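Here's the structure we're looking at; comments come further down.
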Amino acid sequence: MSTTAHRAEAKGTPVRCAVITVSDTRTVAEDSSGSFIQKVLTDAGFSIVHYEIIPDDLDRVAEALDAGADVAEAVLFNGGTGITARDLTVDVISEKLDKELSGFGELFRMLSYEEVGAASMLSRATAGVYRGTLVFSMPGSTNAVQLAMEKLILPELEHLVWEVARQG
């Protein structure tokens, strides 16, 4: 089957999503990136079954990943993808992934380069599959989240979930 045929077959696949913001400072009122993710997902017909803001902490990121994988087909993290000592999201997620979707990070950085230039290399955005659940890890800035959601995640989310589910 072609990609086009797969997308057509996947159309209408229900997708429950968990949205997790990783930040030591954001509150729900200040979480513009998490709010944006939730809005575009619900506008596209997906459901939000879990949302939380957690601190940059190895154990908390691991717990949030497990909690999201328990209830959702897709877990979307934002924040903690940089190179500072406190940016731990990618370290935890990369260690736990059963399969990595390296193209997500590569494409994200390519598209980001078009907007911010060489600073795009500071992002360690990643994605993959964990316990049969898609996992995306994006930077915390609203512009970066918008780029990832609109250019990469939303166009393929149903297809990706369908691919993971059809093989068991």
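The values are calculated or read from the model by the stated rules, or taken from the named source; none is laboratory data. Just so you know, these numbers come straight off a predicted model, no measurement behind them. Cβ atoms come from the backbone with ideal geometry, glycine included; neighbour counts cover every protein chain shown. Calculation scope for accessible area: heavy atoms of the full protein, side chains included, ligands and nucleic acids excluded. Shrake-Rupley method; radii C 1.70, N 1.55, O 1.52, S 1.80 Å.
Can you pull out the residues in the stretch 17-44 that are acidic (Asp, Glu) and in a helix (DSSP H, G or I)? Before you say what the answer is, go through the steps one by one.
The initial filter retains those residues of the stretch 17-44 that are acidic (Asp, Glu), namely 24, 30-31, 43.
Selection gives GLU30, ASP43.
Are any of the residues in the stretch 49-65 among the aromatic types (Phe, Trp, Tyr) and either in a strand (DSSP E or B) or over 18 Å from ALA148 (Cα atoms) (or both)? Steps first, please.
First, the residues of the stretch 49-65 that are among the aromatic types (Phe, Trp, Tyr): 51.
Applying the additional criterion that residues be either in a strand (DSSP E or B) or over 18 Å from ALA148 (Cα atoms) (or both) yields 51.
Taking every residue of the stretch 49-65 in turn, at least one turns out to be among the aromatic types (Phe, Trp, Tyr) and either in a strand (DSSP E or B) or over 18 Å from ALA148 (Cα atoms) (or both).
So which residues in the stretch 23-38 are within 14 Å of ILE54 (Cα to Cα) and either open to solvent by less than 40 Å² (accessible area, probe 1.4 Å) or within 13 Å of the chain's Cα centre (by Cα) (or both), if there are any at all?
SER23, ASP31, SER33, GLY34
Please state which one of SER120, SER102, SER137 is among the small types (Gly, Ala, Ser) and open to solvent by 30 Å² or more (accessible area, probe 1.4 Å).
Working: SER120 fails: open to solvent by 30 Å² or more (accessible area, probe 1.4 Å); SER137 fails: open to solvent by 30 Å² or more (accessible area, probe 1.4 Å).
After applying the criteria, what remains is SER102.
Okay, residues lined up against (1) at pLDDT below 90; (2) in contact with a helix residue (DSSP H, G or I) (Cβ under 6 Å, 6 or more places away or on another chain); (3) closer than 19 Å to MET138 by Cα; (4) buried (at least 18 other Cβ atoms within 10 Å of the Cβ):
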residue	(1), (2), (3), (4)
THR3	yes, no, no, no
THR21	no, yes, yes, yes
HIS50	no, yes, yes, no
ILE53	no, no, yes, yes
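If VAL116 satisfies all but one of (1) in contact with a Ser or Thr (Cβ under 8 Å, 6 or more places away or on another chain); (2) in a helix (DSSP H, G or I); (3) not acidic (Asp, Glu), what's the number of the condition it fails?
(1)
Does THR25 satisfy the criteria of being in contact (Cβ under 8 Å) with a residue 40 or more places away in the chain, of a type outside the set (A, V, I, L, M) and under 16 Å from PRO139 (Cβ atoms)?
Details: in contact (Cβ under 8 Å) with a residue 40 or more places away in the chain: no; of a type outside the set (A, V, I, L, M): yes; under 16 Å from PRO139 (Cβ atoms): yes.
No.
Please name all residue pairs, on different chains or six or more residues apart, with Cβ atoms under 7 Å, provided the first residue is in the stretch 6-21 and is in contact (Cβ under 8 Å) with a residue 60 or more places away in the chain and the second residue is in a strand (DSSP E or B) and of a type in the set (Gly, Ala, Ser).
Going by the 7 Å Cβ cut-off, the qualifying pairs are VAL15/ALA74.
Among what's in the stretch 105-117 and is surrounded by 11 or more Cβ atoms within 10 Å (Cβ to Cβ) and among the charged types (D, E, K, R), pick the residue that is modelled with the lowest pLDDT.
Within the stretch 105-117, the match that is modelled with the lowest pLDDT is GLU115.
Restricting the stretch 66-99 to residues that are β-branched (Val, Ile, Thr) and open to solvent by less than 30 Å² (accessible area, probe 1.4 Å), which is farthest from the chain's Cα centre (by Cα)? Break it down stepwise before answering.
Here is the first cut: in the stretch 66-99, the ones β-branched (Val, Ile, Thr) are 71, 75, 81, 83-84, 89-90, 92-93.
Remaining after also requiring open to solvent by less than 30 Å² (accessible area, probe 1.4 Å): 75, 81, 89-90, 92-93.
Numbers: VAL75: 6, THR81: 11, THR89: 11, VAL90: 11, VAL92: 14, ILE93: 11 Å.
Looking at residues that are β-branched (Val, Ile, Thr) and open to solvent by less than 30 Å² (accessible area, probe 1.4 Å), I get VAL92.
Hey, does the stretch 146-156 have a residue that's open to solvent by 30 Å² or more (accessible area, probe 1.4 Å) and in a loop (DSSP other than H, G, I, E, B)?
no
On the basis of being open to solvent by 30 Å² or more (accessible area, probe 1.4 Å), in contact (Cβ under 8 Å) with a residue 60 or more places away in the chain and of a type outside the set (S, T, N, Q), does ASP57 make the cut?
Here the answer is no, as ASP57 does not meet what is asked.
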